[in-house]
Amino acid sequence: MSTASVCTVTIAIPVYNSASTLEACLRSASAQTLDDIEILVADDGSTDDSAAIVARMAEADPRIRLLRLERNGGKPRAMNLLLQHASGRWFAVLDADDVYHPDRMTQLVAAGEARDVDMVADNLEYYDAGVSQVLRTGFDPVLGVRVLGTRDLLEQTSSFADFDLGLLKPVIRRSFIDRHELVYHDTRLAEDFYYLLEYFVAGGRCCLLPDALYRWTLPFGTLSRRWTTTGSGAWRYDYRQALRANQHYVELMRKRGHADVVALLQARGRQYGVMIHYLDAQRAAAAGRRLKAAWVIASHPSTYRLLVTRIAGRLLRALPRLTPGAAR
């Protein structure tokens, strides 16, 4: 933990080639109604103007501080650097292509203190940058305030779900992080999910608020059908790398004796396998090798359900264009 004077919240922002979105991200952090914050930015070897943007905005807001890594090492290394320098009693994550609503830190910290939990998270707005539009929220706000434990994460985490609890962007009490020596492992993919997993396995509970106070930019816009332009785009869908990262945690949790967690991760690994085969077929079809694509799908029955779902989705999106009078 940093030796600087303690503040209420550290907002931690890992950055890699995010010049197109970083200013809006930083402005949303600076505009928090909770003033007692610090905003730490770890530039992970960006080759664009990301570091220059942070330096310029730090001149106007002394709560912003830039930490630089000379070469790109991945989000886990950047997050561990941010943890080392953080001085807040609460530690909050903000990705460089996302934004906070102004009252987010006030509401989350107040909920954590009132309910005596070590983690608080909220609903998410799903934002399609390609059309500059919020499409929906992660879950129905009618569910109200909930307190989550390990079992909730185990039962509500799926790569195919409309809302995966692994997507949560929480604030975590720093004393819990220090007490359980929570760090980010070098997985390169799904880092936030695995950090949540470590938290819950350590016995933590989470207060989940129904309000969507975090605007999450979809890596691939479901309406625009376009990738984001920052360093967090298409690489998120390297499912072979995701499978290797998942296996690392399978072995880690097996050694710790967490059989229920191992079962969760093995199920997640099977989901990654489905995506690997489906995308292999998709790439083959795009390259004109339709027989190869058909063979990949036929050889892996686990992909059938996903294929039908994707075809149905495309038909629904095309329906307005096919309906007579839809253009009027």
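The values are calculated or read from the model by the stated rules, or taken from the named source; none is laboratory data. Model, not experiment: these values are computed from the prediction. Note that each Cβ is placed from the backbone with ideal geometry, even for glycine, and that neighbours are counted across all protein chains shown.
Of the residues making up segment 287-313, those that are surrounded by 11 or more Cβ atoms within 10 Å (Cβ to Cβ), under 31 Å from the mean Cα position of the chain (by Cα) and either modelled with pLDDT of 95 or more or not polar (S, T, N, Q) (or both) are 293, 296, 297, 300, 304, 305, 306, 307, 310, 313. Residues that are among the β-branched types (Val, Ile, Thr) and exposed (fewer than 15 other Cβ atoms within 10 Å of the Cβ) were ranked within segment 26-60; the one that is farthest from residue 97 (Cα to Cα) is 33.
Of the residues examined, residue 28 is one that is part of a helix (DSSP H, G or I) and touching a His at 6+ places or on another chain (Cβ under 9 Å). Each residue in segment 141-168 was checked for being within 23 Å of residue 217 (Cβ to Cβ) and exposed (fewer than 12 other Cβ atoms within 10 Å of the Cβ), and 2 of them qualify.
Of all the listed residues (264, 243), the sole one being assigned to a helix (DSSP H, G or I), buried (at least 16 other Cβ atoms within 10 Å of the Cβ) and touching a residue at least 40 places away in the same chain (Cβ under 8 Å) is 264. Of all residues assigned to segment 54-67, at least one qualifies as being over 23 Å from residue 107 (Cβ atoms) and part of a loop (DSSP other than H, G, I, E, B). Residues that are touching a Ser or Thr at 6+ places or on another chain (Cβ under 6 Å) and outside any helix (DSSP H, G or I) were ranked within segment 8-25; the one that is surrounded by the most Cβ atoms within 10 Å (Cβ to Cβ) is 15.
Among the residues making up segment 275-285, those that are without any contact (Cβ under 8 Å) to a residue 60 or more places away in the chain and not basic (Lys, Arg) are 276, 277, 278, 279, 280, 281, 282, 284, 285.
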